[in-house]
Structures are given as structure tokens and as C-alpha cells.
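Only one structure is covered here, and it is reproduced in the block below.
The values are calculated or read from the model by the stated rules, or taken from the named source; none is laboratory data. As the structure is a computational prediction, the values presented were derived from the model and not from experiment. For neighbour counting, all protein chains shown are included, and Cβ atoms are generated from backbone atoms with ideal geometry for every residue, glycine included. SASA here: full protein model, heavy atoms, side chains in, ligands and nucleic acids out. Shrake-Rupley method; radii C 1.70, N 1.55, O 1.52, S 1.80 Å.
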Amino acid sequence: KLAEVGLDPIALLPYEGMLHKRNVAEVVKMLDATVLYGKDLTGSIVSKMKIFTVTVDNFLEMMDEFEGTLIVTHSTRTDVLMSLLLAMQSRNVPKISGILLTSYKGNDISPHVLNILDGLGRVNVPVIASRQDTFETISTIKATPVFLTADSIEKISLTCSLVDQHLDERFIDMFIDDIEEDREE
């Protein structure tokens, strides 16, 4: 249909929902947050966010709904933190994308809890902390456009694949030729 109106596109890339979602590393960057645990897991895609103010029993009943969710809770809610980390050890629970602690001052988590967490060896989900309160944190995330970082490996790989599949090679050749001409001048 584009040709009918005189348009000759160089590429039509199909919509890919994952490119419009953040990963935990991008959330860390936009909030200038601290990664407390699971730095190697910050590539996890965030499908949605949920703020937890309920009791542990109440949120555990809802766990089936949280695949890919970034769980946001106040940094003093070590009950939520410990429960989520335990739940993530189970094969029977959908995997969340991460845990975001808000209003973090650096000494919010008791040394006893930190000792237990440090003794786990491996945490199966990234735990990040923001100095901003919960409202400011969520507002910042919502107001910031989706972007790529060097840690956005899955999204970069997907973008390269889409370009390889759908971009007209003549355009790439033309673009390279223009760059080479500019260098010669």
C-alpha cells in the first residue's frame, strides 16, 4: 500500500513489544539506584511494576500474577524482601524481574538480615535500592522514556536481528558509501 502513495520504504520493522519495555539495568540507571544483589541478573525485562504495601500472606496469594514484575516496596520491608527471595528459590512460583527497595538510606536493612542474604551464595533475582521515596521512584520511571544501555543485551540483539531481516541492504550500502565519501573530502 505504501507504493500506491509513492512511498518507497527502506525498511518496515515489525512491532516488537520487548523493545518498549525496560530491563532492571535501565531502571538502575534512571534512578541512580544501587544494585544490592544479583548484578548479573539486571538484564531481566520488566513487564510491569507492582507496589507492595500488603502483608506477606496477602502478596504470596497473588504471586501467580507476577511473572516479569518489578516488585516495589519500602526498604524497611525486610519481610517482603526475605519472602520474595525465598519464593524465587521455588520452581513453583513465576519469576519476577526484580525487587526495588525505595527510600533506601544505606543502613535500612539490619545486619542480621544482610548476614542471612550474604550467606545465600546466589540470589535468583536482582535487588536494587533507590534513595527516592516510592512515589518519586514510580514517577521517575513512568516519566522516563524507554532507552537502551550497554546492558540491554537482549534488546540490542533483537534490534540487530530485526534490522538484518527487514532492512534493505541497498540502504546500508548507500549509507556506507556516504560515510566513505565524507572521509575522502
### Residues satisfying the stated conditions in region 24-68, i.e. modelled with pLDDT of 90 or more, open to solvent by 40 Å² or more (accessible area, probe 1.4 Å) and either assigned to a loop (DSSP other than H, G, I, E, B) or among the aromatic types (Phe, Trp, Tyr) (or both)
Asp32, Ser47, Glu67
### Query
Leu7 passes all but one of (1) of a type in the set (A, V, I, L, M, F, W, C); (2) loosely packed, with under 10 Cβ neighbours inside 10 Å; (3) in a strand (DSSP E or B); which number fails?
(3)
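Are there helices (runs of 4 or more DSSP H) fully within region 86-185 with at least 3 residues that are within 23 Å of Leu36 (Cα to Cα)? List them.
Working: elements: 111-118, 134-143, 153-166, 169-184.
It comes to 111-118, 134-143.
Within the group Thr69, Thr102, Thr78, which residue is more than 30 Å from Ile156 (Cβ to Cβ), without any contact (Cβ under 8 Å) to a residue 40 or more places away in the chain and among the polar types (S, T, N, Q)?
When all the criteria are applied, what remains is Thr78.
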#### Entry: Residue satisfying condition, being at pLDDT 90 or above and open to solvent by 60 Å² or more (accessible area, probe 1.4 Å), within set Arg77, Arg131, Arg122
Arg131
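Sort out which residues of region 149-185 are under 14 Å from Val28 (Cα atoms) and either in contact with a strand residue (DSSP E or B) (Cβ under 7 Å, 6 or more places away or on another chain) or touching a residue at least 60 places away in the same chain (Cβ under 8 Å) (or both), and write them in order of number.
Pass one, region 149-185, residues under 14 Å from Val28 (Cα atoms): 149-152.
Matches in region 149-185: Thr149, Asp151, Ser152.
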### Task
Restrict the check to region 143-165 and report whether at least one residue is within 25 Å of Tyr104 (Cβ to Cβ), open to solvent by 90 Å² or more (accessible area, probe 1.4 Å) and at pLDDT 90 or above.
no
